[in-house]
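Worksheet: one structure, shown below.
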Amino acid sequence: MEIGYHGRTLQDGEPFDYFESLTELAEWCDFLIVACPGGAETVNAVNAPILAVLGAQGTLINIGESGVLLELPKGRSFVPVAAILHISLMNDR
């Protein structure tokens, strides 16, 4: 599995691919995991253009603040990570 990331700065020593923009990362990946704090810098960071380049087959997983996500377009769904973890733990029993 290849791993890429986007952030304010390139992290020295990271073996993963760095993307200059969230759009570039979303275009490249199949699973977009959002892990950032809420606030003025990140409000609606994941918006319609990001979801468009992620594509209909892309999976969005948000483990950060809810304000990062713009309201999802019609036809897209969002499952909270807590629900995924609960399902996973139940299947392990």
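Of note:
- In nm, spacing of pseudo-spin labels at T23 and Y5 (7 Å Cα→C-beta vector): 2.4 nm
- In a DSSP loop and with at most 15 other Cβ atoms within 10 Å, the chymotrypsin sites (Phe, Trp or Tyr not before Pro) in region 14-68 are F16.
Any read-out appearing in this document is the output of simple, stated calculations on the displayed coordinates, not a laboratory observation. Just so it is clear, the structure is predicted and the values come from calculations on it, not from any experiment. Note that each Cβ is placed from the backbone with ideal geometry, even for glycine, and that neighbours are counted across all protein chains shown.
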